[in-house]
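Visitor: Here it is, the structure in full.
The values are calculated or read from the model by the stated rules, or taken from the named source; none is laboratory data. This is a predicted model, so every value here is computed, not measured. So basically every Cβ, Gly included, is an ideal-geometry build from the backbone, and we count neighbours across all protein chains shown.
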Amino acid sequence: MKNIPEVKLGIIAVSRDCFPIELSTRRRQNVAAAYGEGLYECPVTVENEADALAAVADVEQAGCNALVVFLGNFGPETPETLICQKFDGPVMYAAAAEGDGDLVNGRGDAYCGMLNCSYNLGMRRLKAYIPEYPVGTAEEIAEMIRAFVPIARAIIGVKQLKIITFGPRPQDFFACNAPIRGLYELGVEVEENSELDLLVAYQAHAGDSRIPSVMEEMKAEMGERVYPDLLERMAQFELTLLDWAEQHKGARKYVAFADKCWPAFPEAFGFEPCYVNSRLAARGIPVACEVDIYGALSEYIGACVTGDAVTLLDINNSVPQYLYDQDIAGKFPCAITDTFMGFHCGNTPSCKMCSDCAVKYQLIQHRLLEPAGSEPDFTRGTLEGDIAPGPITFYRLQCDSEGVLRSYIAQGEVLPVATRSFGGIGIFAIPEMGRFYRHVLIQKRYPHHGAVAFAHCGKALFEVMKYLGVGDIAYNQPKDQPYPTENPWNM
């Protein structure tokens, strides 16, 4: 995926000047050896402010965009936090456990030093990633650093992201009209355009010499499961979006889209954009439906965390009792209220769908826009079928009506159960979904769209949201942890 950052990690050891500097230097070397390739060792062990500036200059010269500050002993509180202040990228702090020497000359007291480090970070209002238990051996610190990589990738990506929209945001999906102030607070840039801008750019791509090769890619991906007469139009649209991204990213490195896809789009362009959107999502360029700007941001964060394709779905409909009784009860450890169907018209990448997925038509739009009883025409272009079973994380970052950022994260599964429905759709099972639906999604007024990562990545997403400064991070709480709004007599 070219649209997500490559993390280049550096490690800087710090040392309190009343402790042996060799202790920090040696322990840093042991961490680097335990981590293996991909971790740049800064040769400067920081004891004072001048060292801190020299170390930051060194890792920047080495091309590092994420950093580990390692307390090999107690550590100097001011210099070690100045590193975070001066370095332009995500920073992790961790400390050495004792045990690689005696407890006289070989004792480093980094366990104590981490407390003062955290206190000083707070005094300076600096953001940093501190693992759950940030003290360990060289091997344990190496594992903490590996867990930091997807977090750092998301933080770097968000800070260099531009979300390009083609709108306006639809009135009847008012939940997509969240304030964009929160995006600017995160460092995300936004470029809002008209659908007419997109149409003009699309028309300018007619006859583009690259269209045949994109058509061949589409045929290779879908085989016979695509409308041949739509291929040229869809390839032309794909090139339009890719060129717009390249020409309009400006000072940013990465791009996501949030596009208005109905009701005017299909009639004006002659097809539905869903399949093309799915292809961009597969290469790390999310295209959120219905100008859902925070949906696009959420998708992009998931792509950075997993390094894989993601999607955006409606938290759509309940599972019928008859379907639950036939195919779920007794076969999977979930109540009917743990299940729901996640659906969208056809934007989920084919690599995350069952093998019989196909480019079809949007049934709802066909009812709305085309003559009753007619064959589908311009409402064709959706990628339809059941979503492939496996682990998922359903999540969203949102700005509420007061301009406050909040998020939710819930891990679960897509069940290997046929949906008997239309669109890109799957049967999702999330523990205690019914309570989560009422006391998080409804209670906190989240919109119907949620991002889906195709892995259990809640731990990393939680840390990303914390690093971004999101104070309210909700999750699907077990029964023995009632929500503040939950009626205790229902428990």
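Visitor: Can you pull out the residues in the stretch 159-194 that are in contact (Cβ under 8 Å) with a residue 60 or more places away in the chain, under 17 Å from Gly403 (Cβ atoms) and not β-branched (Val, Ile, Thr)?
Guide: Within the stretch 159-194, Arg169, Ala175, Cys176, Ala178, Pro179, Arg181, Gly182, Leu183, Glu185, Leu186 qualify.
Visitor: Right, here's the next one. Got at least one residue in the stretch 36-49 being touching a residue at least 40 places away in the same chain (Cβ under 8 Å), crowded, with 16+ Cβ neighbours inside 10 Å and under 27 Å from the mean Cα position of the chain (by Cα)?
Guide: Taking every residue of the stretch 36-49 in turn, at least one turns out to be touching a residue at least 40 places away in the same chain (Cβ under 8 Å), crowded, with 16+ Cβ neighbours inside 10 Å and under 27 Å from the mean Cα position of the chain (by Cα).
Visitor: Given the condition over 21 Å from Arg380 (Cα atoms) and among the aromatic types (Phe, Trp, Tyr), answer yes or no: does some residue in the stretch 233-246 qualify? Walk me through it before giving the result.
Guide: Let us first name the residues in the stretch 233-246 that are over 21 Å from Arg380 (Cα atoms), namely 242-246.
If we keep only those that are among the aromatic types (Phe, Trp, Tyr) too, we end up with 244.
Yes, that holds for at least one residue.
Visitor: Right, here's the next one. Residues in the stretch 105-160 that are in a loop (DSSP other than H, G, I, E, B) and closer than 19 Å to Ala303 by Cβ: how many?
Guide: Looking only at the stretch 105-160, we keep the residues that are in a loop (DSSP other than H, G, I, E, B), and these are 105-109, 124-128, 130-134, 137, 160.
Still in the running and closer than 19 Å to Ala303 by Cβ: 160.
Count: 1.
Visitor: I've got another one for you. If you take the residues in the stretch 130-158 that are among the acidic types (Asp, Glu) and free of Cβ contacts under 8 Å to residues at least 24 places away in the same chain, which one is nearest to Tyr93 (Cα to Cα)? Please lay out each step first, then the result.
Guide: If we filter the stretch 130-158 for residues that are among the acidic types (Asp, Glu), which is where we start, we get 132, 139-140, 143.
Of the ones still in play, those that are also free of Cβ contacts under 8 Å to residues at least 24 places away in the same chain are 132, 143.
Working: Glu132: 11, Glu143: 13 Å.
This residue is Glu132.
Visitor: Does the stretch 80-90 contain any residue that is without any contact (Cβ under 8 Å) to a residue 60 or more places away in the chain and assigned to a loop (DSSP other than H, G, I, E, B)? Walk me through it before giving the result.
Guide: So in the stretch 80-90, the residues without any contact (Cβ under 8 Å) to a residue 60 or more places away in the chain come out as 81-82, 84-88.
Then drop every residue that is not assigned to a loop (DSSP other than H, G, I, E, B), which leaves 87-88.
Yes, that holds for at least one residue.
Visitor: Something else: Being surrounded by 14 or more Cβ atoms within 10 Å (Cβ to Cβ) and under 15 Å from Gly434 (Cα atoms) narrows it down to one of Thr311, Thr339, Thr348, so name that one. Give the steps one after another, and end with the answer.
Guide: On the way: Thr311 fails: under 15 Å from Gly434 (Cα atoms); Thr348 fails: under 15 Å from Gly434 (Cα atoms).
That would be Thr339, the only listed residue that is surrounded by 14 or more Cβ atoms within 10 Å (Cβ to Cβ) and under 15 Å from Gly434 (Cα atoms).
Visitor: Would the stretch 69-79 turn up any residue that is surrounded by 19 or more Cβ atoms within 10 Å (Cβ to Cβ), at pLDDT below 95 and farther than 30 Å from Gly469 by Cα?
Guide: No: zero hits.
Visitor: Something else: Hey, among Arg406, Arg380, Arg420, which residue is basic (Lys, Arg), in the same structural domain as Thr306 (by TED's automatic domain parsing), more than 14 Å from Cys457 (Cα to Cα) and surrounded by 22 or more Cβ atoms within 10 Å (Cβ to Cβ)?
Guide: On the way: Arg406 fails: surrounded by 22 or more Cβ atoms within 10 Å (Cβ to Cβ); Arg420 fails: surrounded by 22 or more Cβ atoms within 10 Å (Cβ to Cβ).
Checking each option against the conditions leaves just Arg380.
Visitor: Moving on. Taking Gly346, is it touching a residue at least 24 places away in the same chain (Cβ under 8 Å) and either part of a loop (DSSP other than H, G, I, E, B) or within 14 Å of Ile425 (Cβ to Cβ) (or both)? Steps first, answer last, please.
Guide: Working: touching a residue at least 24 places away in the same chain (Cβ under 8 Å): yes; either part of a loop (DSSP other than H, G, I, E, B) or within 14 Å of Ile425 (Cβ to Cβ) (or both): yes.
Yes.
Visitor: All but one of (1) more than 18 Å from Thr339 (Cβ to Cβ); (2) under 20 Å from the mean Cα position of the chain (by Cα) hold for Gln411; which doesn't?
Guide: Among (1) more than 18 Å from Thr339 (Cβ to Cβ); (2) under 20 Å from the mean Cα position of the chain (by Cα), the lone unmet condition for Gln411 is (1).
Visitor: Restricted to the stretch 139-178, and to residues that are modelled with pLDDT of 95 or more and touching a His at 6+ places or on another chain (Cβ under 8 Å), which residue is surrounded by the most Cβ atoms within 10 Å (Cβ to Cβ)?
Guide: Per the stated criteria, the residue is Ile164.
Visitor: Within the stretch 9-24, can you find the residues that are polar (S, T, N, Q) and in contact with a strand residue (DSSP E or B) (Cβ under 6 Å, 6 or more places away or on another chain)? Quick ask: steps written out before the conclusion?
Guide: Going through the stretch 9-24, the residues polar (S, T, N, Q) turn out to be 15, 24.
The answer is Ser24, and nothing else.
Visitor: Within the set of pairs 6 or more residues apart or between chains, which connect a residue that is in the same structural domain as Met234 (by TED's automatic domain parsing) inside the stretch 349-369 to a residue that is basic (Lys, Arg) and surrounded by fewer than 23 Cβ atoms within 10 Å (Cβ to Cβ) with Cβ atoms less than 6 Å apart?
Guide: Hits for this filter: Ala358/Arg225.
Visitor: When Arg367 is evaluated against the numbered criteria (1) basic (Lys, Arg); (2) modelled with pLDDT of 95 or more; (3) surrounded by fewer than 14 Cβ atoms within 10 Å (Cβ to Cβ), which criterion, by number, is the only one it fails?
Guide: Status for Arg367: all satisfied but (2).
Visitor: Across the stretch 464-486, which residue is surrounded by the fewest Cβ atoms within 10 Å (Cβ to Cβ) among those that are touching a strand residue (DSSP E or B) at 6+ places or on another chain (Cβ under 6 Å) and in a loop (DSSP other than H, G, I, E, B)?
Guide: Among them, the one singled out is Val470.
Visitor: Quickly run through the stretch 37-79 and pick out the residues that are assigned to a loop (DSSP other than H, G, I, E, B), out of contact with any Leu (no Cβ under 7 Å at 6 or more places or on another chain) and farther than 20 Å from Pro131 by Cα.
Guide: So the first thing to find is which residues in the stretch 37-79 are assigned to a loop (DSSP other than H, G, I, E, B), and the list is 37-38, 42-45, 47-48, 62-65, 72-76.
Right, trim to out of contact with any Leu (no Cβ under 7 Å at 6 or more places or on another chain) and you get 37, 42-45, 47-48, 62-63, 65, 74-76.
Listed by number, the residues that qualify are Glu37, Cys42, Pro43, Val44, Thr45, Glu47, Asn48, Ala62, Gly63.
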